[in-house]
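The values are calculated or read from the model by the stated rules, or taken from the named source; none is laboratory data. From a predicted model like this one, the values you see are computed outputs, not experimental measurements. Please note: Cβ atoms are built from the backbone with ideal geometry, for glycine as well, and neighbour counts cover all protein chains shown. The protein model used for the area step is the full one, side chains on, heavy atoms only, and it has no ligands, DNA or RNA in it. Shrake-Rupley method; radii C 1.70, N 1.55, O 1.52, S 1.80 Å.
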Amino acid sequence: MLRRVVRIFRNAAKVRLAAGAPIHQQLADLAFFRQAIKASPLEFYRYRLWDRTRPIAERLAYLTFGDHRIIEGALHPVDAVNRLNDKIVTAERFRSAGIPMPRVAGIFDARSGEAGVITTAGALALLAGQPWPNGLVIKPNHGQSGKQIMVFRRVDPVCFTRLDGQQIPVNELAAWLSRQPYQRWTIEERLLQHPDLANVAPDVLATVRLLTLRAPDGEVSFGPAVWKIPIDLSGVDNFSANGLAAPIDLATGRIGDAVDIHGRKRLASHPVSGVRFSDITLPGLPAALGLAKRASAVIAEFATIGWDIALTADGAYLIEGNAWWSATLLQMPHGRGMMRDSVVSFLQAHGLVELLDRRERAEREWQRRFGRPQAR
């Protein structure tokens, strides 16, 4: 509790120095937004809810962590979420429906007695001896946020070579996989970036995050979309793993300036390659949109899913679907809240109008207290 209070005051002091907002005013506004839309202190600062020069309706349009939990709790059965989180089973479901996904090279599970499952270093070496010109990716079956994903540009029966050049002997890799709490690992063929995007981050696959919204009648629309952009050789593009995210204009495929998860500043170009984001039009975006709609029909028990889709020279590939699609990821790059347009229509169709009514009440209360937006 003390640590949380200290963090709030540190953030308030930084905003006071950078933007001139008095600390007592920030604390009062934080209390208001916590009560009005359940905004956490982290969301209060990430979304600049303290900025009184912004219209109150604009600040109330952010969907909070608390809102997301209400949506998921109302629309997604727990057993369905648990099934979705089993990546091996879910991927097979998509492949059976004809959804293009990375080719599975094998499954590693040292505790398994199933035929065909890799359990030893020797079997892993045999797999690595097959031709994998683009390398392999190893993923934990129940992993989240890109944690413990390993991407290898080259593999052979002796060692696996990571993107940064680090070589891991096969016997050491097998022993490490066996010790981890994730019992099962998917080994997939590594996908390469579309040639038109390879100059941005050539070694690490950057994916599109698309949010599908399924109405009760089955009609599917899209929420805000972003392009997740890697900046190092970790092998993952996750926003929570120090990656960047840029807003996508779904009508044109153009992207805007990117931000990191801290949101301290907007970046007009990639910090490593120097490519300007305003010069990028995502190739094959219509195909990615169509793929997301097809995939949403496969798991129609979910009203909302955040899809990670790769754009390659061979077309769009589904990487995975996420029941917890991260409002932070979808809102920060756009610089505005997602409680608008298709999302509002979606909430109304599913009877979640309390989330909208709460904001209307909060806006009236703000106007009662403060009247017009106050310039500093």
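Looking for something open to solvent by less than 20 Å² (accessible area, probe 1.4 Å), over 25 Å from L192 (Cα atoms) and not in a loop (DSSP other than H, G, I, E, B) - is there at least one such residue anywhere in the range 91-113?
Looking only at the range 91-113, we keep the residues that are open to solvent by less than 20 Å² (accessible area, probe 1.4 Å), and these are 91, 94, 99, 102, 106, 108-109.
Subset that is over 25 Å from L192 (Cα atoms): 109.
Checking which are not in a loop (DSSP other than H, G, I, E, B) leaves us with none.
No - not one qualifying residue is present in the range 91-113.
If we keep just the residues of the range 10-47 that are charged (D, E, K, R) and in contact (Cβ under 8 Å) with a residue 40 or more places away in the chain, which is farthest from H262 (Cα to Cα)? Here the residue is E43. Taken over the range 118-151, the criterion of being over 18 Å from G235 (Cα atoms) and free of Cβ contacts under 8 Å to residues at least 24 places away in the same chain is satisfied by T119, G122, A123, P131. In the range 151-210, the qualifying residues are those that are open to solvent by 40 Å² or more (accessible area, probe 1.4 Å), charged (D, E, K, R) and assigned to a loop (DSSP other than H, G, I, E, B), and the one that is nearest to N85 (Cα to Cα) is R184. Residues of the range 2-38 that are in contact with a Phe, Trp or Tyr (Cβ under 8 Å, 6 or more places away or on another chain), over 17 Å from L60 (Cβ atoms) and part of a loop (DSSP other than H, G, I, E, B): A21 alone. Scoring S296 on the criteria (1) at pLDDT below 95; (2) in a helix (DSSP H, G or I); (3) within 27 Å of V78 (Cα to Cα) leaves a single failure, condition (1). Of the residues making up the range 114-147, those that are part of a loop (DSSP other than H, G, I, E, B), of a type outside the set (S, T, N, Q) and over 15 Å from V170 (Cα atoms) number 11. So, Q348, is that one among the polar types (S, T, N, Q) and open to solvent by less than 10 Å² (accessible area, probe 1.4 Å) or not? No: the conditions fail for Q348. Within the range 52-70, at least one residue is open to solvent by 10 Å² or more (accessible area, probe 1.4 Å), assigned to a helix (DSSP H, G or I), farther than 30 Å from H142 by Cα and among the small types (G, A, S).
Pick from the range 39-49 the residues that are open to solvent by less than 10 Å² (accessible area, probe 1.4 Å) and in a loop (DSSP other than H, G, I, E, B): which of them is farthest from A362 (Cα to Cα)? Can you show your working first?
Taking the range 39-49 and keeping what is open to solvent by less than 10 Å² (accessible area, probe 1.4 Å), we get 39, 44, 47, 49.
Adding the requirement that they be in a loop (DSSP other than H, G, I, E, B) leaves 39, 47, 49.
On the way: A39: 12, Y47: 17, L49: 13 Å.
It comes out as Y47.
Does any residue of the range 232-251 turn out to be open to solvent by less than 20 Å² (accessible area, probe 1.4 Å), touching a His at 6+ places or on another chain (Cβ under 6 Å), closer than 30 Å to R162 by Cβ and part of a loop (DSSP other than H, G, I, E, B)? Looking through the range 232-251, none of the residues is open to solvent by less than 20 Å² (accessible area, probe 1.4 Å), touching a His at 6+ places or on another chain (Cβ under 6 Å), closer than 30 Å to R162 by Cβ and part of a loop (DSSP other than H, G, I, E, B). Look at (1) surrounded by 14 or more Cβ atoms within 10 Å (Cβ to Cβ); (2) touching a helix residue (DSSP H, G or I) at 6+ places or on another chain (Cβ under 7 Å) and you find that H76 fails only one, number (2). V353: of a type in the set (A, V, I, L, M, F, W, C), in contact with a Leu (Cβ under 8 Å, 6 or more places away or on another chain), surrounded by fewer than 20 Cβ atoms within 10 Å (Cβ to Cβ) and under 30 Å from L291 (Cα atoms), yes or no? So V353 passes the test.
Tell me, which residue of the range 267-285 that is without any contact (Cβ under 8 Å) to a residue 12 or more places away in the chain and in contact with a strand residue (DSSP E or B) (Cβ under 8 Å, 6 or more places away or on another chain) is most open to solvent (accessible area, probe 1.4 Å)? Can you show your working first?
Narrowing the range 267-285 to residues without any contact (Cβ under 8 Å) to a residue 12 or more places away in the chain: 268-269, 274, 276, 279.
With the extra rule that they be in contact with a strand residue (DSSP E or B) (Cβ under 8 Å, 6 or more places away or on another chain), the set shrinks to 268-269, 276.
Numbers: A268: 35, S269: 41, R276: 120 Å².
Checked the range 267-285; the qualifying residue most open to solvent (accessible area, probe 1.4 Å) is R276.
Please verify whether G274 is closer than 28 Å to V15 by Cα and part of a loop (DSSP other than H, G, I, E, B), treating the condition exactly as stated. Criteria not met by G274.
All conditions in (1) basic (K, R); (2) in a loop (DSSP other than H, G, I, E, B); (3) at pLDDT 95 or above hold for R358, with the sole exception of (2).
Rundown of residues vs (1) more than 14 Å from L191 (Cα to Cα); (2) among the acidic types (D, E); (3) surrounded by 18 or more Cβ atoms within 10 Å (Cβ to Cβ), yes/no style:
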position	(1), (2), (3)
Q130	yes, no, no
P133	no, no, no
I138	no, no, yes
K147	yes, no, no
